[in-house]
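Student: What follows is a structure written as structure tokens; I'll ask about it next.
The values are calculated or read from the model by the stated rules, or taken from the named source; none is laboratory data. Since we're looking at a predicted model, the values are computed, not measured. Using ideal geometry, Cβ is built from the backbone for each residue, glycine included, and neighbour counts are taken over all protein chains shown.
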Amino acid sequence: MEAWLSVRGGDSVRELQELDEWLNGEPELRGRLKPRAAQPGPGELGAPFDVLVTAIGSGGVISVLAGSLHAFLTRPRGTDVRISVSSPDGRSVELEAQRVEDVEALLRQVIAASEESEGESGAEQTGVGGA
């Protein structure tokens with residue numbers, strides 16, 4: 001299962017680069033993250049990358065990702081930042097620094113709903129999109 005991470009608020013490109021570095025600091029996540037850029041619209045140059053794609057399963061990776069996202073969001077910064085976690089089927093959850101509670105439970109809900117959707121369709125969906 002893939003999870004797509006994007007950042008909203010502040011300098012989103014810089015914040016996403018910082019999130020990439022932060023998550024790659026976790027040994028269990030290192031090598032699981034792949035930055036991808038969305039297709040630019042007409043007249044747009046696009047960003048260096050605007051989505052981090054990570055492969056997660058039902059094991060301990062979710063707990064590590066949740067803990068690391070919580071720590072990233074609650075560290076001191078000058079602007080409010082929100083992280084959107086999406087699945088390939090479009091289900092998503094948005095986390096804010098002021099309202100971070102049980103990140104792991106939210107991630108598990110998105111994953112479970114996505115896995116149910118994949119089971120119903122009988123085909124795995126792939127690709128990158130925004131939330």
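Student: Would you point out the residue of the stretch 87-105, among those that are assigned to a helix (DSSP H, G or I) and either modelled with pLDDT of 70 or more or touching a helix residue (DSSP H, G or I) at 6+ places or on another chain (Cβ under 7 Å) (or both), that is nearest to ARG8 (Cα to Cα)?
Tutor: The qualifying residue nearest to ARG8 (Cα to Cα) is ALA97.
Student: Step by step: first the residues of the stretch 28-46, then only those that are exposed (fewer than 14 other Cβ atoms within 10 Å of the Cβ) and among the aliphatic types (A, V, I, L, M), then the one that is modelled with the lowest pLDDT. Which residue is that?
Tutor: Here the answer is LEU45.
Student: What pairs can you find where one residue is in the stretch 8-37 and in contact (Cβ under 8 Å) with a residue 60 or more places away in the chain, the other is loosely packed, with under 15 Cβ neighbours inside 10 Å and of a type in the set (Asp, Glu), and their Cβ atoms are less than 8 Å apart, with a gap of 6+ or different chains?
Tutor: If the second residue must be loosely packed, with under 15 Cβ neighbours inside 10 Å and of a type in the set (Asp, Glu), the pairs left are ARG8/GLU94; GLY9/ASP80; GLY10/ASP80.
Student: Answer with yes or no whether ARG108 is in a helix (DSSP H, G or I), among the charged types (D, E, K, R), at pLDDT 65 or above and over 12 Å from the mean Cα position of the chain (by Cα).
Tutor: Criteria met by ARG108.
Student: Can you find a residue that is out of contact with any helix residue (DSSP H, G or I) (no Cβ under 9 Å at 6 or more places or on another chain), modelled with pLDDT of 80 or more and in a strand (DSSP E or B) anywhere in the stretch 73-86?
Tutor: Looking through the stretch 73-86, at least one residue is out of contact with any helix residue (DSSP H, G or I) (no Cβ under 9 Å at 6 or more places or on another chain), modelled with pLDDT of 80 or more and in a strand (DSSP E or B).
Student: Identify the single condition in (1) exposed (fewer than 14 other Cβ atoms within 10 Å of the Cβ); (2) over 21 Å from ALA66 (Cβ atoms) that GLY25 does not satisfy, given that it satisfies every other one.
Tutor: Of everything listed in (1) exposed (fewer than 14 other Cβ atoms within 10 Å of the Cβ); (2) over 21 Å from ALA66 (Cβ atoms), GLY25 misses just condition (2).
Student: Of (1) surrounded by fewer than 17 Cβ atoms within 10 Å (Cβ to Cβ); (2) at pLDDT 65 or above, SER117 satisfies all except one. Which?
Tutor: (2)
Student: Given the structure, is SER63 buried (at least 17 other Cβ atoms within 10 Å of the Cβ) and either modelled with pLDDT under 80 or not in a loop (DSSP other than H, G, I, E, B) (or both)?
Tutor: Spelling it out, it is not the case that SER63 is buried (at least 17 other Cβ atoms within 10 Å of the Cβ) and either modelled with pLDDT under 80 or not in a loop (DSSP other than H, G, I, E, B) (or both).
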